[in-house]
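Reading through the structure tokens given below for one structure.
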Amino acid sequence: MPVSERSGIDDPANDPPINPQRTLVGSSGLIGDGEGRYLLVHRRADRRYWPDLWDLPGGTVADDEDVDDALVRELREELGVEVESFQFLDTALIKEPASGRRAAINVYAVAQLTGEPANLATDEHDEIGWFTPDEFAAKGVLSAVNSIVRQALDLPIDHAAPGVEHVDMESTWDDIAEHYQAQAGIPTDKIHYGAGTPTENELQLLGDPAGKDLIDVGCGGAQNTIAFKRAGAARALGVDQSAEQLAFSQRLADQEGIEIELLKARVEDLVPLPDDSFDLAFSAYCFQFVQDIQATFRAVHRVLRPGGRFAFCVGHPAYAMFGEEGYDLSKPYFQRDAEFIWPFDDGHVSRMTVVHHTGEDLFDALRLAGFQVERLLEPEFTEREVGNWKRDVERAKSIPRTIIFAARKPEAT
Ligand SMILES: C[S@@+](CC[C@H](N)C(=O)[O-])C[C@H]1O[C@@H](n2cnc3c(N)ncnc32)[C@H](O)[C@@H]1O
């Protein structure tokens, strides 16, 4: 195919009419120079999507084309090289905040190629260059792609999301831990999925935890971690990034005389936990504070044993379209990022950045991490579990407040 007909990710000829909600599929290659540097191409400032950005070489998979074949074709057309062997690494879901344009990029490590890379696609790229992985983030390489590269090279993952101003959530949670725990008053006798939602004790999405090793991802005050231990879990580990939340957890566990383990870590990589360590993974209302949901699900998948089960809930992305009260739209469904001003009863106010992953985002990210998705629940509001929650109960009866997924790590084949 001549260069002019190449299927670039934003080639208008491939994209009529523009539907920013349609997810494009692409293939990109990580090419090393053998001396610790990797090839990036600079997208021209006049590109319609993702302009003025350093990226891995590659492009859109054509209709009816195999994703592997697209890698070979793209690198031939863009750089004049013949890819001889390669290894698939992972798929990055990316979204351009301004346009809403989404793409699923299959990222490959190129093991062997012939030819010297040259910039043949001058309509797309105005420069190519070799960089160390530590230079990638500063060059603006998209974080979802960058974290796949860093994972493949066994480097610590950079969690920064370029282009979005995000509040430091660790210090924000440290700051509000005391006010939040005092106000929420979360009980420890049941495993909760949030206010107004049936509990895990009723839903049994993870089965009987007795004798099982469990990780509570983003445990907050560890009320659920404690409840799992009470329900017979052999080991119950609560992981959170916030030292203040963990300090509260320890005090609570001591008060209740329940032995749990606590670890300060980020859910995006769950370092230093070893692979295949848990039978069950659980998370309540953590992932709407997490930018890189793919890395997070990969980390949960990594620490689960084959056949292990994972159940989690987040605030329902449809419920998140509305403000404090009533039905006034505060943001479109497809706008993931939002600022959340949280006034507490004691006068304390906190500003947070939240990420309302859509149902599709969560489903795709689970599948891409290797999970089999077993259940998706949008439970009707139940007065039984309201607790201290005083928000708009009438609205919660007409729009699901919580979305729950249950998934399984397949048995080893
Ligand atoms: C709303 S609280 C929920 C806590 C608990 N799961 C519950 O249901 O009560 C969210 C918790 O997620 C933690 N969190 C948010 N982002 C995190 C991250 N990237 N890594 C680790 N913990 C995180 C926060 O520190 C906070 O304690």
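Each value in this text was obtained by applying a stated rule to the coordinates, not by laboratory testing. Model, not experiment: these values are computed from the prediction. Cβ: placed from backbone, ideal geometry, glycine included. Neighbour counts: every protein chain shown.
Odds and ends about this structure:
- To the nearest ten degrees, helix 67-79 and the longest principal axis of the Cα atoms of the chain are 50 degrees apart.
- Label-point gap, in nm, between Arg367 and Trp130 - each point 7 angstrom along Cα→Cβ: 3.9
- Amide H contacts under 5 Å for Val314: Tyr285, Ile403, restricted to partners 5 or more places along the chain or on a different chain, H placed in the peptide plane at 1.01 Å from N.
- Calculated over the chain, the projected area of the Cα convex hull averaged across directions stands at 20.9 nm².
- Of the GluC sites (Glu not before Pro) found in segment 289-364, the ones in coil according to DSSP and having at most 12 other Cβ atoms within 10 Å of their Cβ are Glu324, Glu325.
- A simple spin-label model places the labels of Ala184 and Ser171 2.2 nm from each other, with each point 7 Å out along Cα-to-Cβ.
- Inter-label distance, nm, simple model (7 Å from Cα along the C-beta direction), Glu65/His348: 5.4
- The HN-Hα couplings worked out from phi for segment 110-120 by the Karplus form 6.51 cos²θ - 1.76 cosθ + 1.60 (θ = phi - 60°) are 8, 8, 9, 8, 10, x, 9, x, 9, 7, 8 Hz, whole numbers, x standing for Gly and Pro.
- Filtered trypsin sites (Lys or Arg not before Pro), segment 91-155: DSSP coil and at most 16 other beta carbons within 10 Å: Lys139
- Charges were assigned to the Cβ only: +1 to each Lys and Arg, -1 to each Asp and Glu. The resulting dipole of segment 3-152 about its Cα centre is roughly 640 debye.
- For the chain, the longest principal axis of the alpha carbon atoms and the long axis of helix 169-184 meet at an angle near 30°.
- Looking at segment 186-269, the GluC sites (Glu not before Pro) that sit in a DSSP loop and have at most 15 other Cβ atoms within 10 Å of their own Cβ are Glu259.
- Segment 3-152 - Rg and Dmax from Cα coordinates, angstrom: 14.0, 44
- FRET E, pair Thr358, Asp254, Förster distance 41 Å, beta-carbon r, rounded to 0.05: 0.55
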